[in-house]
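Data first, discussion second: the structure below is written as structure tokens.
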Amino acid sequence: MTRGAAVDEETLQFYRGNAEAYARRTFTSRQARLTAFLAPLPPGASILELGCGAGGDTAEMLARGFEVRATDGSPEMADVASKHLGRTVETLLFHELDEVDAYDAVWANACLLHVPRPELADVLARIWRALRPAGVFYASYKAGDGGGRDTLNRYYNYPSPDWLHATYAKAGRWNSLSIESGEVRGFDDKIASMLFVVARKGG
């Protein structure tokens, strides 16, 4: 792991090596969460998507008329998404985000859960800065009580709700922050307990 780079190299290599297989998966359980995330946004709102994977959520947001900057940390996954969407998807690592007041919303589904625990507050601060006042930010995490690896050797930060509240508070001032729990079936075919976080930046 490279300290300070907000990326676990072995996890990144997993997605680089399995981009096509990962892209063939279909995700339907998060549709309701995406709809709820988009509902309060103004028409044509500017959205930054982190960890877009094969671009399924990107396609839905574009179809609803939003302006989307889709990114992924894996060049191979970004290439798969580009072909799927018929538009360029950028390769962007979380610690490379350096914009200020640029987006109405940030969608980070099942990607920040790979950020090493000591680096998450910095990544969240970068997202906070990139959001415009009252901007909305969604992210999901696998619940737990400390970082570790799954059976595919992917790193997860496995946070608790209390730890997430404290870490988000370090990153910036939020008008609101809600955490819901649920379960999903992962790429390893195991059921995982998830935490779904929606935060709104202070004005």
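For K170, go through the lysines and keep the ones whose alpha-carbon is under 18 Å away, minus same-chain ones fewer than eight residues off. Here the lysines satisfying the reach criterion relative to K170 are K201.
Against the empirical curve 2.2 N^0.38 Å, the C-alpha radius of gyration of the range 57-164 lands at a ratio of 1.13.
Short version: what are the Cα gyration tensor semi-axes of the range 108-203, square root of 5 times each eigenvalue, largest first, in whole Å?
Three semi-axes, in Å: 24, 13, 11.
Relative to the compact-globule estimate of 2.2 N^0.38 Å, the Cα radius of gyration of the chain comes out at 0.94.
Between rounded, prolate and oblate, where does the range 150-203 land on the alpha carbon gyration tensor, with a ≥ b ≥ c its root eigenvalues, rounded for a/c under 1.5, else prolate if a/b exceeds b/c? Judged from the Cα gyration tensor, the range 150-203 comes out prolate (a/c at least 1.5, a/b above b/c). The residues of the chain expose on average 45 square angstrom of accessible surface per residue, using a 1.4 Å probe on protein heavy atoms. Within the accessible surface of the chain, defined with a 1.4 Å probe on protein heavy atoms only, the carbon and sulfur portion equals 49 percent.
Taking the Cα centroid of the range 109-127 and of the range 175-201, what is the distance between the two, rounded to the nearest whole Å? Centre-to-centre distance over Cα atoms comes out at 14 Å. Which lysines does K190 reach when only Cα atoms under 20 Å apart count, and residues fewer than 8 places away in its own chain are ignored? Counting by Cα, and skipping residues close in sequence, K190 has these lysines nearby: K142. The amide H of A143, built 1.01 Å from its N in the peptide plane, has S193, M194, L195 as neighbours under 5 Å, considering only residues 5 or more places off or on other chains. Under a crude label model (7 Å from the Cα following the beta-carbon direction), how far is K190 from D98 in nanometres? It works out to 3.8 nm between the two label points.
Which value results for Rg/Rh of the range 95-142 when Rg is the Cα radius of gyration and Rh the Kirkwood radius based on the inverse mean 1/r? Spell out each step's value before the answer.
Working: Rg = 10.5 Å, Rh = 11.0 Å.
With Rg and the Kirkwood Rh in hand, the quotient comes to 0.95.
Between G53 and any residue 5 or more places off or on another chain, the built amide H atoms are never under 5 Å apart.
Model label sites at S46 and R117, defined 7 Å from Cα along the beta-carbon direction, differ in position by 3.6 nm. Helical runs assigned H by DSSP (4 residues or longer) give the chain a calculated mean residue ellipticity at 222 nm of -9500 deg cm²/dmol, each run adding -39500 (n - 2.57) before division by the residue total.
The values are calculated or read from the model by the stated rules, or taken from the named source; none is laboratory data. All figures in this text were calculated on a predicted structure; none of them were measured in a lab. Every residue, glycine among them, receives a Cβ derived from its backbone with ideal geometry; neighbour counts consider all protein chains shown. What goes into the accessible areas is simple: the full protein's heavy atoms, side chains included, and nothing from ligands, DNA or RNA. Shrake-Rupley method; radii C 1.70, N 1.55, O 1.52, S 1.80 Å.
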